[in-house]
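The values are calculated or read from the model by the stated rules, or taken from the named source; none is laboratory data. No experiment lies behind these values; they were computed from the predicted model shown. Note that each Cβ is placed from the backbone with ideal geometry, even for glycine, and that neighbours are counted across all protein chains shown. Note: areas computed on protein heavy atoms with side chains; ligands, DNA, RNA excluded. Shrake-Rupley method; radii C 1.70, N 1.55, O 1.52, S 1.80 Å.
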Amino acid sequence: MKKPFVKKIDGNAPSVRKLDFEGLDDLPKYYFHDNSIITHSLNSFHVIFPEGERFFIRSVKPFQDRIKSETLRNRVKAFIGQEVQHGKEHERVWDSLRKSALPVDRIAAFYHRIVYKVIFAFLGFVFGPKINLSITAALEHYTATLGEISLKYDLARDAYGDMRKLLVWHACEEIEHKSVVYDVMREVAPGYFLRIAGFTIATVMLWSFAILFQYWFLIADREATWKRFRQDRGYARDYMRLTVPPLFGGALQYFKPNFHPDQMGGYELAETSLAAL
């Protein structure tokens with residue numbers, strides 16, 4: 001990594017940190033605790049995130065001119081800048097996956113075609129751009145909640161080299177900008193039904209494709225034999241026990257009529273974690 005984390009976490013004024021994790025294109029095949037299950041779970045997100053970040057940017061851009069607050073406009077600009085960097089760094093992992101003969105390009109092409117050319121295109125045509133904004137706000141809630149859980153339990157500690165830094169950095173910035181899109185939605189499309197509709201769609205889409213791609217990677221991985229899968233299950237099960245209950249609790253918070261992402265906290269934790277890298 002060439003540049004230090006010199007800009008502190010600030011939810012009211014997020015910063016764009018242009019980084020270069022030099023080790024991401026040369027990772028060991030099982031870069032997370034030598035565990036095939038968790039590694040391929042993360043691989044599914046490495047496929048989902050780059051195009052997802054670009055979708056987030058496309059979702060918020062049509063509403064930039066309708067934002068009255070200069071502070072919020074600046075937060076949106078920083079949000080866009082951060083998402084550009086997230087997409088670039090996650091996409092760099094693809095070179096390592098290719099070297100391990102994993103079908104990252106086939107999975108990415110399938111994902112882009114089905115999700116963005118078909119599903120989101122249909123939703124946007126029927127419901128207009130506000131549904132994309134609502135879906136993005138919901139996904140930002142999920143990523144920020146996952147980020148806080150990850151930092152709280154130091155779940156990235158067993159990741160190899162720059163992968164650990166990538167996961168911690170991304171988690172910190174997801175917490176930092178977690179309320180940006182929600183605040184845009186609250187200003188231009190504040191309806192409760194729209195918010196919950198977007199959250200429902202986001203939930204089904206995110207976890208359906210994350211699980212599908214995890215098992216696609218596992219099935220395509222010739223070294224991930226049934227014997228290895230059984231050996232790796234114990235660690236993966238313990239990992240999920242730490243992650244799933246608080247993630248479910250965080251998801252339920254989104255249904256509160258007076259919910260706001262800032263109620264979830266996490267900013268001090270993000271600042272401490274980023275400073276420790």
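Given the rule -39500 (n - 2.57) for each run of at least 4 DSSP H residues, summed and divided by the residues of the chain, what is its mean residue ellipticity at 222 nm, to the nearest 500 deg cm²/dmol? Numbers along the way, then the final one.
On the way: 10 runs with 186 residues, N = 277.
Using -39500 (n - 2.57) per qualifying helix, the result is -23000 deg cm²/dmol.
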Can you pull the percent of the chain's accessible area that's carbon plus sulfur, 1.4 Å probe, other chains left in place?
57 percent
If you keep only loop residues by DSSP, which trypsin sites (Lys or Arg not before Pro) in region 216-258 have at most 16 other Cβ atoms within 10 Å of their Cβ?
R222
Does region 168-207 come out rounded, prolate or oblate by the C-alpha gyration tensor, with a ≥ b ≥ c the root eigenvalues, rounded set by a/c under 1.5 and, if not, prolate when a/b is larger than b/c and oblate if not?
oblate
Top mean-square fluctuation among D262, D221, D238, Gaussian network model of the chain, C-alpha springs under 10 Å?
D238
Excluding ligands, DNA and RNA, what is the solvent-accessible area per residue of region 142-277 at a probe of 1.4 Å, expressed in Å²?
49 Å²
Tell me the label only: which of (i) 13.4; (ii) 18.3; (iii) 15.5 is mean projected area of the Cα convex hull in nm² as calculated from this structure?
(i)
Enter the accessible area per residue of region 69-130 (Å², integer; probe 1.4 Å; all protein chains in place).
50 Å²
Please compute the contact order of region 36-276 in relative form: average sequence separation of alpha-carbon pairs under 8 Å and at least six residues apart, divided by the residue count, as a percent.
32 percent
Once fully extended, how much extra length lies between T243 and R98, figured as 0.36 nm per residue of separation less the alpha-carbon to alpha-carbon distance?
49.4 nm
Proximal lysines to K29, defined as alpha-carbon separation beneath 24 angstrom and excluding residues fewer than eight positions away on the same chain:
K2, K88, K99, K165, K227
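Please list the helices of the chain that count as membrane-span-like by this rule: a mean Kyte-Doolittle hydropathy of at least -1.0 together with Cα atoms stretching 15 Å or more along the helix axis, each helix being a complete DSSP H run.
Length and hydropathy pass: 36-60, 129-152, 162-176, 192-220, 226-253.
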Between rounded, prolate and oblate, where does region 177-277 land on the alpha carbon gyration tensor, with a ≥ b ≥ c its root eigenvalues, rounded for a/c under 1.5, else prolate if a/b exceeds b/c?
prolate
Who wins for biggest fluctuation among F55, F122, F45 in a Gaussian network model of the chain, springs between alpha carbons below 10 Å?
F122
Among I119, I37, I175, the residue with the largest mean-square fluctuation in a Gaussian network model of the chain built from Cα contacts under 10 Å is I119
Region 157-211 to region 1-71: how many Å between their Cα centroids?
11 Å
